[in-house]
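The values are calculated or read from the model by the stated rules, or taken from the named source; none is laboratory data. These numbers were taken from a predicted model, which means no experiment stands behind them. Don't worry about glycine lacking a Cβ; one is built from the backbone with ideal geometry, like all the others, and counts go over all protein chains shown. For the accessible areas, the whole protein counts, side chains as well, though only heavy atoms, and no ligand, DNA or RNA atoms are used. Shrake-Rupley method; radii C 1.70, N 1.55, O 1.52, S 1.80 Å.
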Amino acid sequence: MLNFSAYFQEAVVEDPNENYRIRKCTIYYYLEDDTVHILEPKIANSGIPQGVFLKRHLVPKPGQIETYKWRDFSVGSNIEFYGRVFRIYDADEFTRSFYANEGITLSACEALPDDLFVKTRAMVNMK
């Protein structure tokens, strides 16, 4: 199983101080059957349903019958699942080793963009 750290940006229209949220996820790619599973860690009091984001199944590429394969995933790239674009910013050691054994070097971990929700929560918790 390949394990990628990813995020997507979601617009926030209810709060004038917050334009978007950065929602972190883990993308799991199962080599045995080419299925994909996405989990989002739960953040207390975020007001957003979290947990299983995408149940494990074969995911077709946008506008195609062909499904995603392991070569379609790379650190520093965007990948689209059902109209939502995820930015892959890191991979675990096993995944990096797997790609290295296949002759592919994955990019270094990218920094996450600022998330106003997380910053605001941290400031409130400091008070």
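Being closer than 15 Å to Ala6 by Cβ, open to solvent by 60 Å² or more (accessible area, probe 1.4 Å) and either assigned to a loop (DSSP other than H, G, I, E, B) or not charged (D, E, K, R) (or both): is that true of Val85 here?
It is true that Val85 is closer than 15 Å to Ala6 by Cβ, open to solvent by 60 Å² or more (accessible area, probe 1.4 Å) and either assigned to a loop (DSSP other than H, G, I, E, B) or not charged (D, E, K, R) (or both).
Report, by residue number, each residue of the stretch 2-30 that is out of contact with any helix residue (DSSP H, G or I) (no Cβ under 9 Å at 6 or more places or on another chain), at pLDDT 85 or above and over 15 Å from Tyr89 (Cβ atoms).
Tyr28, Tyr30
Looking at this structure, is Asp115 among the acidic types (Asp, Glu), surrounded by 10 or more Cβ atoms within 10 Å (Cβ to Cβ) and modelled with pLDDT of 95 or more?
The answer is no for Asp115.
Anything in the stretch 88-101 that is open to solvent by 40 Å² or more (accessible area, probe 1.4 Å) and free of Cβ contacts under 8 Å to residues at least 40 places away in the same chain? List them, or say none.
Matches in the stretch 88-101: Glu93, Arg96, Ser97, Ala100, Asn101.
When Pro62 is evaluated against the numbered criteria (1) in a loop (DSSP other than H, G, I, E, B); (2) open to solvent by 80 Å² or more (accessible area, probe 1.4 Å), which criterion, by number, is the only one it fails?
(2)
Among residues belonging to the stretch 65-82 that are assigned to a loop (DSSP other than H, G, I, E, B) and more than 19 Å from Cys109 (Cβ to Cβ), point out the one that is least open to solvent (accessible area, probe 1.4 Å).
Residue satisfying both the conditions and the ranking: Tyr68.
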